Every structure is written in structure tokens, then in C-alpha cells.
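Peer 1: Pasting a structure here, questions to come.
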């Protein structure tokens, strides 16, 4: 499973994100080709090697003649819809901008459709976000992980005036993400960087077990007391078959707004939950309720418990240790009648037990071609099973 781990010891921004990918092997010309799908011109992308505190890194930036810095979410969504980006890239970029708009709307106390992006609405920021999406796609990254994020401290000048660091939008975007400050008086994590990493990272914490094949450093614009770079490790992370110990967290709830469960689940997954699900139950006095169940690796329970207590109305959680048996799991990209599609492959003793096409990719194909999702999913699965069965018989 091709994995990218972002080490955010000096924060993160959109240009640092792309710079680190280029430094790790992303070809700028291929990135430029994808970005040409955007329905505007008047900008150039640049990437050059520089040195930051003795570390060679790639500085990426966008040079734009754009004079319109204020755009609404609807205007940016229209730009993405008019582009010739593939359906998956459009969907991911749109989702990131929606998250940004949601954060801004909460801060300013207005409806999301009334938000007008200032710096983030400029062409260079649009290119940064679309470039981040495209960069991961071009490198074939299947999973993204990240460290805790150093956000910095102090004050920053913005179009809204002087704001505290981290900026309010950054704080909203990183809700549920472990952050800290090393005492550096600077904005280390920008709203764009926060939006990108919060959207893509499956988990935040220590470097996972992985074989590292490439390392990249994306340079920031500032000179700091520490190397102002974002480091990315790119390699393989595999989940091996076998038995493993897990922790189960369970609680029964009968007075929480049902709309909140999606938010609770998203926060739990962001903090490393293996699985989150709900079960309808009948509680005392025949009241209908919900049993919330969270599966966790050993050692991650405290962070998940904190979210459960903060985000739900429960006063207690049952904790138990269990053992589970797993299959070998990997993600492989295969050629299908719809083009290349990623497929999860589950094996036992080298034998393929089952396969599962990546939902988002199948959904993107279905939307792009106007086909039923179940048709695309079933046909990709059938082609994958046929391919792996043929390979096993060789």
C-alpha cells in the first residue's frame, strides 16, 4: 500500500505540501499538464532547489497576474466544474473548499453560501489545492498519514486584520487533529495547508511501520530558527495477516441529536479508530437508544475516549480487550474497461479471498460517464477477480 507520511515539525502550507511531493519525485511537467485542465490562465508554477538551515528542499510557488482575490464558494465550485479534471479530482478539490467555507462560516456566523474567500479565493490558492490533489494522484498514493502539527504562535496580518496564530479558520479545520506550538512566533500552519492535510490524512501521530523509498522536503517562504520545511516519507505500509489485540469502546446513548453521529464518527476516524458503528438498542424504561461502538489499537484509547466524552452525552464508556484475525490486505491498481482503478485485495496464504474496488474511484467514474454506481463497481470487481484468478493459476 503506497503511503505518504507528512512530518509537520515546522507546520504545513499548500505550497510546502506540493514542494515536498516534487522533492520526493513528482514531475513538475506532469503536474503542470494536470493543472492546465483548470479553465483559466495568467499564472505560472515554479519549483526550485533551495537550502533551509542546511537542508536541500524544493520551493514551490505560483506566480499569478490574477487581480480578483475575492471569490465565493459557488464561483470556485463553478471553476472546478468547468475544468477538464477527472471526476475524482473535482470531487476532492471541491470537498476541501467546502471544508474551508464551513470553517469560515462558523467563525463569521454566516451561511456557508455567503462566505467570500479572500486570499484563499485567489488563483494561486486554487492552484495549490488542486495541485495537492493532483500530486497525490500522480504519485499513486493510496494512504496519507501525518504527525502532530506545529502551528506556531503570535499574531498574523490578514485581509481581516491582525489575527491570533493559529488563525481561527486553521483551528476549525484542525478540530480533532493533535496540534502544538514549539514557541516560534510565526504562522506555521496556514488554512490551505490545514484543509489539505485534514482532508487526506487517515491518522495523525507517530511514523507508522513502513518501508521508505523516497523522502522529500518542501520549503516554506519564511526563515525560522528551525528548518522551515515539510518532510514527506513515501513508501509501503502493509497490514499483515494474523491475530492482533484490539480495544473495544462501547456506550449506550438515548439523548443525543442523531445528526451528530456522523460528526462524532469522522472525529474518531481522524484520531485513529479502526472502526466506528452504531446499533439501535432498547434502554431502561423502554427508551430507544443507540449503542456506539469504537474499535481501537491498543494505546490509542485515551484520545478516542476524550472525543466520545466531549462530543456525546454519555457519562461512561465500557472498555474491553479483544483479539481479531485479519487477512493480508493490500491495494493494487489494475487496468479495467473504465481505465485504471485501485482495488483492495484480501489474501490468505497467497490465495485471493476477495477484492473490493475503491468506492470513490468507482463513484467518480459513474458520475463522469452517467452510469449506475453498482454497475461500475460490479464490473470492476468482476474484472479484478478474473485477473487475480488468472495470475494465481500461472
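The values are calculated or read from the model by the stated rules, or taken from the named source; none is laboratory data. The shown structure was predicted, so the numbers you read here are calculated from the model rather than taken from an experiment. Cβ sites come from the backbone with ideal geometry, for glycine too, and all protein chains shown count toward neighbours.
Residues are listed down the side, and each one gets a yes or a no for (1) touching a strand residue (DSSP E or B) at 6+ places or on another chain (Cβ under 7 Å); (2) within 24 Å of residue 227 (Cα to Cα); (3) not in a loop (DSSP other than H, G, I, E, B):
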residue: 120; (1), (2), (3): no, no, yes
residue: 127; (1), (2), (3): yes, no, yes
residue: 131; (1), (2), (3): no, yes, yes
residue: 135; (1), (2), (3): no, yes, yes
residue: 140; (1), (2), (3): yes, no, no
residue: 145; (1), (2), (3): yes, yes, yes
residue: 153; (1), (2), (3): yes, yes, yes
residue: 156; (1), (2), (3): yes, yes, yes
residue: 164; (1), (2), (3): yes, yes, yes
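Peer 1: How about segment 314-360: which strands (runs of 3 or more DSSP E) wholly inside it have at least 1 residues that are under 24 Å from residue 372 (Cβ atoms)?
Peer 2: Working: elements: 318-326, 328-336, 339-348, 351-357.
Where strands (runs of 3 or more DSSP E) fall fully within segment 314-360 and carry at least 1 residues being under 24 Å from residue 372 (Cβ atoms), they are 328-336, 339-348, 351-357.
Peer 1: Still on this structure: Which residue out of 112, 107, 120, 126 is touching a residue at least 60 places away in the same chain (Cβ under 8 Å), over 18 Å from residue 270 (Cα atoms) and surrounded by fewer than 17 Cβ atoms within 10 Å (Cβ to Cβ)? I'd like the intermediate steps shown before the answer.
Peer 2: Values: 112 fails: touching a residue at least 60 places away in the same chain (Cβ under 8 Å); 120 fails: surrounded by fewer than 17 Cβ atoms within 10 Å (Cβ to Cβ); 126 fails: surrounded by fewer than 17 Cβ atoms within 10 Å (Cβ to Cβ).
Result: 107 is the single residue among 112, 107, 120, 126 that is touching a residue at least 60 places away in the same chain (Cβ under 8 Å), over 18 Å from residue 270 (Cα atoms) and surrounded by fewer than 17 Cβ atoms within 10 Å (Cβ to Cβ).
Peer 1: Residue 256 - would you say it is touching a strand residue (DSSP E or B) at 6+ places or on another chain (Cβ under 8 Å), surrounded by fewer than 18 Cβ atoms within 10 Å (Cβ to Cβ) and outside the structural domain of residue 198 (by TED's automatic domain parsing)? Please lay out each step first, then the result.
Peer 2: Numbers: touching a strand residue (DSSP E or B) at 6+ places or on another chain (Cβ under 8 Å): yes; surrounded by fewer than 18 Cβ atoms within 10 Å (Cβ to Cβ): yes; outside the structural domain of residue 198 (by TED's automatic domain parsing): yes.
Criteria met by residue 256.
Peer 1: Right, here's the next one. Which one of 120, 126 is within 19 Å of residue 71 (Cα to Cα), under 20 Å from the mean Cα position of the chain (by Cα) and at pLDDT 90 or above?
Peer 2: Selected residue: 126, the only one of 120, 126 that is within 19 Å of residue 71 (Cα to Cα), under 20 Å from the mean Cα position of the chain (by Cα) and at pLDDT 90 or above.
Peer 1: Sort out which residues of segment 44-59 are surrounded by 20 or more Cβ atoms within 10 Å (Cβ to Cβ) and closer than 16 Å to residue 215 by Cα, and write them in order of number.
Peer 2: 52, 57, 58, 59, listed by residue number.
Peer 1: Checking the conditions here, which among 83, 53, 64, 41 is modelled with pLDDT of 95 or more and assigned by TED's automatic domain parsing to the domain that holds residue 198? Steps first, answer last, please.
Peer 2: Details: 53 fails: modelled with pLDDT of 95 or more; 64 fails: modelled with pLDDT of 95 or more; 41 fails: modelled with pLDDT of 95 or more.
On inspection, the qualifying residue turns out to be 83.
Peer 1: Just checking, does segment 84-95 include any residue being surrounded by fewer than 22 Cβ atoms within 10 Å (Cβ to Cβ), in contact with a strand residue (DSSP E or B) (Cβ under 6 Å, 6 or more places away or on another chain) and either part of a strand (DSSP E or B) or without any contact (Cβ under 8 Å) to a residue 60 or more places away in the chain (or both)?
Peer 2: No: zero hits.
Peer 1: Say we look at segment 144-174 and pick out the residues that are within 28 Å of residue 212 (Cα to Cα) and in contact with a helix residue (DSSP H, G or I) (Cβ under 9 Å, 6 or more places away or on another chain); which of these is surrounded by the fewest Cβ atoms within 10 Å (Cβ to Cβ)?
Peer 2: 144
Peer 1: Is it the case that residue 101 is more than 29 Å from residue 207 (Cβ to Cβ) and either modelled with pLDDT of 90 or more or touching a strand residue (DSSP E or B) at 6+ places or on another chain (Cβ under 6 Å) (or both)?
Peer 2: So residue 101 fits the description; yes.
Peer 1: Okay, moving on. Conditions: (1) at pLDDT 95 or above; (2) more than 21 Å from residue 100 (Cβ to Cβ); (3) over 16 Å from the mean Cα position of the chain (by Cα). Residue 19 meets all but one. Number of the miss?
Peer 2: Going through (1) at pLDDT 95 or above; (2) more than 21 Å from residue 100 (Cβ to Cβ); (3) over 16 Å from the mean Cα position of the chain (by Cα) one by one, residue 19 breaks only (2).
Peer 1: Oh, and also: For segment 189-239, which positions are closer than 26 Å to residue 103 by Cα, modelled with pLDDT under 95 and over 19 Å from the mean Cα position of the chain (by Cα)?
Peer 2: Those that are closer than 26 Å to residue 103 by Cα, modelled with pLDDT under 95 and over 19 Å from the mean Cα position of the chain (by Cα): 221, 222.
Peer 1: So, residue 287, is that one modelled with pLDDT under 85, farther than 29 Å from residue 366 by Cβ and not assigned by TED's automatic domain parsing to the domain that holds residue 6 or not? Break it down stepwise before answering.
Peer 2: On the way: modelled with pLDDT under 85: no; farther than 29 Å from residue 366 by Cβ: yes; not assigned by TED's automatic domain parsing to the domain that holds residue 6: yes.
No; evaluated as a whole, the condition is false for this residue.
Peer 1: Any residue in segment 303-315 that is surrounded by 11 or more Cβ atoms within 10 Å (Cβ to Cβ), farther than 26 Å from residue 202 by Cβ and assigned by TED's automatic domain parsing to the domain that holds residue 267? It would help to see each step written out before you state the result.
Peer 2: Initially, segment 303-315 is screened for residues surrounded by 11 or more Cβ atoms within 10 Å (Cβ to Cβ), giving 303-309, 311-314.
Adding the requirement that they be farther than 26 Å from residue 202 by Cβ leaves 313.
Add one more test, that the residue is assigned by TED's automatic domain parsing to the domain that holds residue 267, and what stays is 313.
Checked against the condition, which is being surrounded by 11 or more Cβ atoms within 10 Å (Cβ to Cβ), farther than 26 Å from residue 202 by Cβ and assigned by TED's automatic domain parsing to the domain that holds residue 267, segment 303-315 yields at least one hit.
Peer 1: Has segment 36-43 got any residue that is touching a residue at least 24 places away in the same chain (Cβ under 8 Å) and either in a helix (DSSP H, G or I) or at positive phi (or both)?
Peer 2: Yes, the conditions are met somewhere in segment 36-43.
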